[in-house]
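Trainee: What follows is a structure written as structure tokens; I'll ask about it next.
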Amino acid sequence: MRELYPAHYTRFHCIASSCDFTCCREWKIYADDAVFRKWQKNGIRKVTRWVDGQRVVRLTEDLDCPHLAEDGLCRLITEYGEGLIPGSCRAFPREIREYPDRTERSLMLACPAVIDLLAEGFSVPGNESPEATGRLREHWMRIIRESAAPEEAFLRLFRVPEDYPAVPADAQKEEEAQLYADLTENYRAEGYYRRFWEEEADVNRGNMTLWRTHKDIIMNCILNDVWSECLKPGFTEQEMRLKLEWTALKYAAVRHFLRIRPRKGGFRTVRNGIVLMTRIMSMDDEEIFTWLHEMFDGTLWGPEYPALLFG
């Protein structure tokens, strides 16, 4: 059985207290039955609640995991060892997908340390898939590598003709802003990620410096998402195309996030935007497919919408 994973996969390690965008804050943390029983046995009680039929960690008023210490470390690990942390915490940001002929491993962009690694590039040695869906993914990744910028990559991925009529810049900005508002609405209402909403500045609308300056790492992040999200065991080509649409929406939202940031921001701001939108848009595939069907009347995109976002 072959094992495939990006070249940077084995270099990942949690940076713990050095992380300025910890996964122990403002995020849903699932507590599996096995670890919950260990918590009960060790007197760790009243730290979970039920959400949609699943047990999750009850966050503090500051939206922190109750086990997060002031030094940024996990009290469960420092006091009990890794045996008492939930499986989701132990695995994050790693993902594993099993195919008949191979195992694929990837790293989620919901972790800032992963994006730091992508500054050096993205590649998957030996990535050769026999099935049509695997070859389609390879084709998409080749298009991205051959493109000079994210906009060009998405226009080519969605086969927007080169002579397609240009979209007015104001219309593009308006659609981008509405998409960003729709995706972040619930998180704003619940008080999550407040620091990012408070620093938004309309005066900087139209500032594309951050997006253009850091386009290379953004392209590497797009490659990472196409590799890890656009093909999963059992996916049809239609499901792959729906996940590609979701990926395009994510980077349109990231671009708007950067457009309304202060001009003094640098790589850290770009990284924060990608981590934030990855976390906000980390839904189950069925939820994603439902959202897209409702938003776009159940059809796969023609050239119109990609041109509106990236033309």
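Trainee: In nm, to one decimal, how far is the modelled label at Arg212 from the one at Met1, with both set 7 Å along Cα→Cβ?
Mentor: My value for the distance between the label points is 4.9 nm.
Trainee: Taking the alpha carbon gyration tensor of the range 180-286, what are the square roots of 5 times its eigenvalues, largest first, to the nearest whole Å?
Mentor: Output for the range 180-286: semi-axes of 26, 17, 10 Å.
Trainee: Taking each pair of distinct Cα atoms in the range 24-91 once, what is the resulting Kirkwood hydrodynamic radius in Å?
Mentor: Evaluated over the range 24-91, this radius sits at 12.1 Å.
Trainee: Suppose R0 equals 41 Å. What FRET efficiency, 1/(1 + (r/R0)^6) with r the Cβ-Cβ distance, do Tyr80 and Ala148 give to the nearest 0.05?
Mentor: Efficiency, rounded to the nearest 0.05: 0.20.
Trainee: Can you give the extra length, in nm with one decimal, that the chain gains between Glu131 and Ile96 once fully stretched, where that is 0.36 nm per residue apart less the Cα-Cα distance?
Mentor: Contour length minus the Cα-Cα distance gives 10.7 nm.
Trainee: Using Cα-Cα distances under 8 Å and only pairs 6 or more residues apart, what relative contact order does the chain have, in percent?
Mentor: RCO, the chain: 22 percent.
Trainee: Charges at C-beta only: +1 for Lys and Arg, -1 for Asp and Glu. How large is the resulting dipole of the range 24-91 about its Cα centre, in Debye rounded to 20?
Mentor: Approximately 420 debye in magnitude.
Trainee: Right, another one. Residue by residue, what Karplus-based ³J(HN,Hα) values in Hz, rounded to whole numbers, does the range 50-55 have, using 6.51, -1.76 and 1.60 with θ = phi - 60° and x for Gly and Pro?
Mentor: Taking θ as phi minus 60°, the curve returns 9, 9, 6, x, 10, 7 Hz for the range 50-55.
Trainee: Which value in Å does the Kirkwood hydrodynamic radius of the range 52-140 take, with 1/r averaged over all unlike C-alpha pairs and then inverted?
Mentor: 16.6
Trainee: With each run of n ≥ 4 DSSP H residues scored as -39500 (n - 2.57), what mean residue ellipticity at 222 nm is computed for the chain after dividing by its residue count and rounding to the nearest 500 deg cm²/dmol?
Mentor: Mean residue ellipticity, 222 nm, calculated: -14500 deg cm²/dmol.
Trainee: Follow-up. For the range 112-249, compute the orientation-averaged projected area of the C-alpha convex hull (one quarter of its surface), in nm².
Mentor: So the mean shadow area of the Cα hull is 10.7 nm².
Trainee: How many angstrom lie between the C-alpha centres of the range 282-311 and the range 83-112?
Mentor: 26
Trainee: Compute the relative contact order of the range 41-94 as a whole-number percentage, counting only Cα pairs closer than 8 Å that sit 6 or more residues apart in sequence.
Mentor: About 15 percent, as a whole number.
Trainee: Let me ask something else about it. Over the alpha carbons of the chain, what is the largest minus smallest coordinate on each principal axis, giving the biggest first in Å?
Mentor: So the extents along the principal axes, rounded to whole Å, are 67, 53, 38.
Trainee: Where the centroid of each part is defined by its Cα atoms, how far is the range 241-268 from the range 1-76 in Å?
Mentor: With the range 241-268 and the range 1-76 each reduced to a Cα centre, they are spaced 26 Å.
Trainee: Label points 7 Å out from Cα along the Cβ direction at Glu304 and Thr290: separation in nm?
Mentor: In this crude label model, Glu304 to Thr290 measures out at 2.6 nm.
Values quoted throughout were computed directly from the atomic coordinates according to the rules given, and no laboratory measurement underlies them. Since the structure is predicted, the reported quantities are computational estimates derived from the model, not experimental observations. So basically every Cβ, Gly included, is an ideal-geometry build from the backbone, and we count neighbours across all protein chains shown.
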